Amino acid sequence: MDTNDSGRHDGHDGTAPDRDGTTSDRAGVQDAYPRGELARAFLTAVTHQDPKVRRSAEERVDRWREVLAGMADGTLAIGSRTPVNGLPAWVTPQGSCR
């Protein structure tokens, strides 16, 4: 097998197939952003002095957990033309899609 752009010999080149059969390079982006946002929200939820801010941060924690769970179970394909399994490409998801 030839060496690909990633230098690996296993046929994987850092791209993942989208639901529409095309590929896009999403290596390194997969969960770094949502994990960072989850960490920020969690820190605010447990350390902020204002109870309203803590409650708001707790809600953000829940939403970011849903995003990561959806990415893990295949419900969400971040970067895909059709990011939510079962919804057409023209739909812009907002809020909980689980």
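The values are calculated or read from the model by the stated rules, or taken from the named source; none is laboratory data. Predicted, not measured: the structure shown is a model, and the values here were computed from it. Glycine also receives a Cβ, built like all others from the backbone with ideal geometry; neighbour counts cover every protein chain displayed.
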Single unsatisfied condition, LEU87 versus (1) in contact with a Pro (Cβ under 9 Å, 6 or more places away or on another chain); (2) modelled with pLDDT of 90 or more: (2)
Under the condition of being aromatic (Phe, Trp, Tyr) and surrounded by 15 or more Cβ atoms within 10 Å (Cβ to Cβ), which residue from region 21-76 is modelled with the lowest pLDDT? TRP64
Give all pairs with beta carbons closer than 7 Å in which a residue from region 67-91 that is touching a residue at least 40 places away in the same chain (Cβ under 8 Å) meets a residue that is outside any loop (DSSP other than H, G, I, E, B); count only pairs at least 6 apart in sequence or on separate chains. ILE78/MET71; GLY79/SER24
